Amino acid sequence: DIRSAWVGVSRIVSKNAIVRFGLSYTYRDGFLTDPYKLRDQRPGRREEWALGGGYRQYFMWPDGALHADYRYFNDDWGVSSHTLELAWFQNLGYATQVIPFVRYYSQDEADFFANIADTDKRYYSEDYRLSSFGAFSGGLRLRQELGNWAVTAVGERYATDESWGLY
């Protein structure tokens, strides 16, 4: 079972700029262990908090906008993370956008993560997604509006390493 709530607010700073902030809470209850991991045994509940903010600045010339976003995440498993993303939304005519972007992500490991099996503990996981690491990604999105529809194509390069994290 998953229950989630989100609240956000946006403020117009000028005719070309907006700031936004949001807070979310998620409660998960039930079978949260990964059945494909041999010795994976996770708690049966998880509480997650996320705080995010963003800034949008439109520039008349060259008819594009800078988007800057930050997100902080924390849960009761001991995982904390930071995400920073920058993107440029370049308009090409009325219905087409080219969007280059870069993103940095850093995460602390869960309290029960370990590289070596410790089956004496109540909870244990060697799932690398619960480890401490950092990641960089960058790419290009192409967005085309077609009447009431929008089609998006994305190419992205993602690289990760434990030494790139803040933790």
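The values are calculated or read from the model by the stated rules, or taken from the named source; none is laboratory data. Owing to the predicted nature of the structure, the values given are computational and were not obtained by experimental measurement. Here the Cβ is made from the backbone with ideal geometry for all residues, glycine too, and neighbour counts use every protein chain on show. Surface accessibility is based on the protein's heavy atoms, side chains included, excluding ligands, DNA and RNA. Shrake-Rupley method; radii C 1.70, N 1.55, O 1.52, S 1.80 Å.
Summary of packing: across the peptides 34-41, 48-55, the per-residue average of other C-beta atoms within 10 Å ranks them, highest first, as 48-55, 34-41. Taking label points 7 Å from Cα along the Cα-to-Cβ direction, residue 104 and residue 37 give a separation of 2.7 nm. For the peptides 121-131, 58-68, the ranking by packing is 121-131, 58-68, with the highest mean count of neighbouring Cβ atoms within 10 Å listed first. Residues in segment 159-166 carry Karplus couplings, in order, of 9, 9, 7, 5, 7, 8, x, 7 Hz; the curve used is 6.51 cos²θ - 1.76 cosθ + 1.60 with θ = phi - 60°, and Gly or Pro positions show x.
How much accessible area per residue does the chain have, counting only protein heavy atoms and a probe of 1.4 Å, in square angstrom? Let's see the in-between values first.
Details: 10980 Å² over 167 residues.
Value returned for the chain: 66 Å² of accessible area per residue.
A straight line joining the Cα centroids of segment 103-167 and segment 35-50 runs 16 Å. Only one residue of 152, 133, 74 has its Cα farthest out toward the positive end of the dipole of segment 43-167, where Lys and Arg carry +1 and Asp and Glu -1 on Cβ, and that residue is 152.
Calculate how large, on average over all directions, the projected area of the Cα convex hull of segment 80-167 is; give the answer in nm² to one decimal.
The orientation-averaged projected area of the Cα hull of segment 80-167 comes to 7.9 nm².
Counting Lys and Arg as +1 and Asp and Glu as -1, each charge on the Cβ, what is the dipole of segment 45-95 about the Cα centre in debye, to the nearest 20?
Details: 4 positive and 7 negative charges, 15 e Å.
Taking the Cα centre of segment 45-95 as origin, the dipole is about 80 debye.
Computed with a 1.4 Å probe over protein heavy atoms only, the accessible area of residue 18 comes to about 70 Å². Over all projection directions, the Cα-based convex hull of the chain averages an area of 12.4 nm².
Peptide packing for 5-15, 76-86 was compared via the average number of neighbouring C-beta atoms within 10 Å per residue; ordered from the highest value, the list is 76-86, 5-15.
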